[in-house]
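Quick notes on the structure that follows.
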């Protein structure tokens with residue numbers, strides 16, 4: 001989450017530079033900023049993004065390069081998870097937060113039931129998620145750990161707990177909906193904050 005003064009200063013300088021950036025690149029950077037707002041402003045540990053060469057007049061290589069450069073400015077990390085044809089799936093994430101969530105995750109579920117090694121870091125976990133995605137052709141649902149969804153909702157969605165689905169707020173909620181709804185509100189406030197920052201004079 002953007003709190004440090006130096007990061008806020010970098011962010012302001014980035015915004016100021018947009019007016020001097022080629023329009024197609026500037027449009028992509030604005031889109032990326034709004035897509036990652038919940039990580040930058042809302043304490044969401046990660047955001048899964050789909051880069052599509054048909055969405056902008058840019059190549060996938062250009063979009064990935066711009067994303068890497070912006071992540072460095074915004075003090076977050078990125079990792080490519082899956083690329084097929086004209087699309088590329090990647091995650092923009094806060095390394096410290098993902099590491100913390102992995103430590104909190106149930107060893108019985110993550111390690112024993114899902115077969116992930118004990119003591120994984122954010123990078124090794126996401127690399128294994130990428131490997132399994134490539135192997136099966138399907139996104140591993142445990143990626144929800146890195147995406148910042150409540151662990152109870154991640155396990156519930158995967159059928160690893162007895163809790164029943166109690167609603168939906170951008171993701172399926174299991175058990176007590178109140179903490180999930182509170183988190184959803186925080187995420188949406190982050191989106192609004194980012195939009196205000198981007199469009200304010």
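Each value in this text was obtained by applying a stated rule to the coordinates, not by laboratory testing. Note that the structure is predicted; figures quoted are calculated from it, not measured. Because the Cβ atoms are built from the backbone with ideal geometry, glycine has one as well, and the counts that use them run over all protein chains shown.
State whether the stretch 103-201 is rounded, prolate or oblate according to the following rule on the C-alpha gyration tensor (a ≥ b ≥ c being the square roots of its eigenvalues): a/c under 1.5 gives rounded; otherwise a/b larger than b/c gives prolate, and the remaining case gives oblate. Verdict is oblate for the stretch 103-201.
Where Rh denotes the Kirkwood radius from the mean inverse Cα pair distance, what is Rg over Rh for the stretch 5-152?
On the way: Rg = 16.2 Å, Rh = 16.3 Å.
Result for the stretch 5-152 is an Rg/Rh of 1.00.
Highest mean first, the peptides 90-101, 75-86 sorted by other C-beta atoms within 10 Å per residue fall in the order 90-101, 75-86. Evaluated at 25 °C with a viscosity of 0.890 mPa s, what Stokes-Einstein diffusion coefficient in µm²/s does the stretch 46-126 have when Rh comes from the Kirkwood expression over alpha-carbon pairs? For the chosen part, D equals 175 µm²/s. The C-alpha atoms of the chain define a longest principal axis, and helix 95-104 lies at about 10 degrees to it. Ranked by the mean number of other Cβ atoms within 10 Å of their residues, highest first, the peptides 140-148, 10-18 come out as 140-148, 10-18. In degrees from 0 to 90, rounded to the nearest 10, what is the angle of the helix 122-136 Cα long axis to the longest principal axis of the chain? The angle comes out near 80 degrees. Helix 23-35: angle to the longest alpha-carbon principal axis of the chain, degrees 0 to 90, nearest 10? Taking the Cα atoms of the chain, the angle to 23-35 is about 30 degrees. The alpha carbon centroids of the stretch 26-47 and the stretch 83-146 are separated by 20 Å.
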